[in-house]
Amino acid sequence: MMYPGAITQLLNDKNHIYYQLYDNSPDMHVSVDSESGKILMCNKTLSKKVNIPKDDIIGSPILDMYHPDSREKAMSVFKMFTAGKKIENQRLDLITKGGKKIPVLLNVDAFRDEENNITFSNSCWRDISEIEQLKSEIKDNVQAKNKELEEFVYIASHDLQEPLRTISSFIELLKLEYNDQLDEEALTYLNFIETGAGNMKNIITGLLDFSRIGKDVELEEVDCNSIIHDIITDYHLAIKENDAEITSELLPHINAYSTAIRLLFQNLINNAIKFKKFNTPPEIHIECITKEEEYHFMISDNGIGIPKDKLNDIFKFFKRLNNKSQYKGHGIGLAHCKKILDIHDGKIWVTSEVNEGSTFHFTLPKTIKK
Ligand code: ADP
């Protein structure tokens, strides 16, 4: 049962209650004077986290609360705020008295006078140290597991090569030495075994190549124009046979893993030629938009296109959408492309219309973390 005077007392004390909540909130709160940029008020949580007494925080410039690495971004967020933009979940770093970084998400609300001028702002900083720590542990874990898996793929595919070589050489010997003694049916069976062994060899080589991508390589300056030029030269037969036309805009020089980037363009151009529409010569166009922090490449074709519900599936290992007899392949090329983008911290995706064509997009950051 509630004491009769409790509600009256609660209502009378609501400022006090509000202040208690404010002071003990799990988030850090500050109110800042818009003109001077100095802190007018803050809660206990902030004082505890940065290990500075409240009295020393109050009156100091808000910018001093940020770690030097974050101050430039804090300034630009402040400019966005004064320009009237909504500030939500901006990732910044505060600094403690001892110089330690506290990663935070910043949200800001404005308080205005009758003329709609901002008088002060209320900022809320959410400490995301634990989330970031967890994220980095999960990332390390996934990377370690991926490494284990890759080693397994490497060993398995490497060791499978030997018995396969034996099978292939004995098929050859059988055909060579017993050709006269084998009837037509036996020869047909042998041909099937030979084709199967050949396919298996391609798959195993594909797996081996996959586990080798990004191993023991250095970042270097790569001229994408010269890569495209080389690929066109290498593929001149396929281009001629299919009456294909490949056009490219001026592409950037990037800092990347050269062999992997070449393989990436090669796979995408090869597919753009291969998945052409019946009786329609392939038209392939390559372009790149240079953005602030990344390059956005696009390789478009006028081929058979890809159904909307399969746009993500095609980057999985061994995933193929078409009839094997019509379009040759093993479903490895795009898995390679995905891994190449992973090692560059980039992204790959496709937009497409069935019977109209596809555009493969990939982004590469201008600066790649090693
Ligand atoms: P493969 O080419 O050996 O079949 P990929 O991994 O390169 O393997 O491609 C996977 C599948 O994605 C292909 O089998 C095809 O169904 C689809 N695909 C890839 N590129 C294109 C394209 N440019 N146009 C239409 N479909 C494509």
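Residues checked against (1) free of Cβ contacts under 8 Å to residues at least 60 places away in the same chain; (2) over 28 Å from LEU149 (Cα atoms); (3) in contact with an Asp or Glu (Cβ under 8 Å, 6 or more places away or on another chain):
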{"residue": "LEU250", "(1), (2), (3)": "yes, yes, no"}
{"residue": "LYS276", "(1), (2), (3)": "yes, yes, yes"}
{"residue": "ILE304", "(1), (2), (3)": "yes, yes, no"}
{"residue": "LYS319", "(1), (2), (3)": "yes, no, yes"}
{"residue": "SER325", "(1), (2), (3)": "yes, yes, no"}
{"residue": "LYS328", "(1), (2), (3)": "yes, no, no"}
{"residue": "ILE348", "(1), (2), (3)": "yes, no, no"}
Response to the item:
Flagged in region 341-370 as over 22 Å from THR280 (Cβ atoms) and in a loop (DSSP other than H, G, I, E, B), in numbering order, are HIS344, ASP345, GLY346, LYS366, THR367, ILE368, LYS369, LYS370
Practice prompt. Can you give me the number of residues within region 319-340 that are more than 7 Å from the ligand (Cβ to nearest atom), under 21 Å from the mean Cα position of the chain (by Cα) and either closer than 18 Å to ALA272 by Cβ or assigned to a loop (DSSP other than H, G, I, E, B) (or both)?
Written response: 4
Discussion item. Quick check on HIS67: is it surrounded by 14 or more Cβ atoms within 10 Å (Cβ to Cβ), in contact with a Ser or Thr (Cβ under 8 Å, 6 or more places away or on another chain) and at pLDDT 95 or above?
Written reply: no
Worksheet item: Yes or no: ASP345 acidic (Asp, Glu) and near the ligand (Cβ under 9 Å from one of its atoms)?
Response: no
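Is it fair to say LEU190 is out of contact with any Gly (no Cβ under 8 Å at 6 or more places or on another chain), part of a helix (DSSP H, G or I), surrounded by 13 or more Cβ atoms within 10 Å (Cβ to Cβ) and in contact (Cβ under 8 Å) with a residue 60 or more places away in the chain?
On the way: out of contact with any Gly (no Cβ under 8 Å at 6 or more places or on another chain): yes; part of a helix (DSSP H, G or I): yes; surrounded by 13 or more Cβ atoms within 10 Å (Cβ to Cβ): yes; in contact (Cβ under 8 Å) with a residue 60 or more places away in the chain: no.
When the stated conditions are applied, LEU190 does not pass them.
Taking MET41 as the residue in question, decide whether it is farther than 19 Å from SER25 by Cβ, free of Cβ contacts under 8 Å to residues at least 24 places away in the same chain and not basic (Lys, Arg). Write out each step before concluding.
Details: farther than 19 Å from SER25 by Cβ: no; free of Cβ contacts under 8 Å to residues at least 24 places away in the same chain: yes; not basic (Lys, Arg): yes.
Here the answer is no, as MET41 does not meet what is asked.
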Discussion item. Can you pull out every residue in region 318-370 that is surrounded by fewer than 16 Cβ atoms within 10 Å (Cβ to Cβ), modelled with pLDDT of 90 or more and of a type in the set (Ser, Thr, Tyr)?
Written reply: THR351
Worksheet entry | Neighbours by Cβ (under 9 Å, 6+ apart or cross-chain): first from region 1-29, of a type in the set (Val, Ile, Thr); second at pLDDT 85 or above and assigned to a loop (DSSP other than H, G, I, E, B) | none
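The values are calculated or read from the model by the stated rules, or taken from the named source; none is laboratory data. Computed from a predicted structure; not experimentally measured. Positions of Cβ are backbone-derived with ideal geometry, glycine not excepted, and every protein chain shown enters the neighbour counts.
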